[in-house]
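The values are calculated or read from the model by the stated rules, or taken from the named source; none is laboratory data. Predicted model only: the values in this text are computed from it and were never measured. Here Cβ is always computed from backbone atoms with ideal geometry, including for glycine, and neighbour counts include all displayed protein chains.
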Amino acid sequence: MDTQTALTMVHPDDVAVLQAATIRSLESVTAEAEYRQRTKAGEWIWVSNRMAVVNDECGRPWYRTSSIRDITERTGAAEAPQEREDGF
């Protein structure tokens, strides 16, 4: 899935959180962000996205992996999105 399509599934108030984590992953190889994402059913859930960048043999970013986990029960709907500075 391309970045623009993925961003359409992120709550508008949380797009900046995901974008900041994406940039941070390029700088430090790993990053994590918590934000709201729309499900196929149209509901908003809280997710934790752990991402890691894989570089090629010259050290250039080649691709990024992500592990997205539903954390709705842990965070609750009233909390603000969070960025983690410590990677994983």
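Looking only at region 10-30, decide whether some residue is modelled with pLDDT under 90 and touching a Phe, Trp or Tyr at 6+ places or on another chain (Cβ under 6 Å). Checked region 10-30: no residue is modelled with pLDDT under 90 and touching a Phe, Trp or Tyr at 6+ places or on another chain (Cβ under 6 Å). Candidates 70, 2, 13, 56: the one that is surrounded by 11 or more Cβ atoms within 10 Å (Cβ to Cβ) and free of Cβ contacts under 8 Å to residues at least 60 places away in the same chain is 70. I'm trying to understand the selection: among the residues of region 22-44, which are crowded, with 17+ Cβ neighbours inside 10 Å, touching a Lys or Arg at 6+ places or on another chain (Cβ under 8 Å) and within 13 Å of residue 10 (Cβ to Cβ)? Result: 22, 33, 34.
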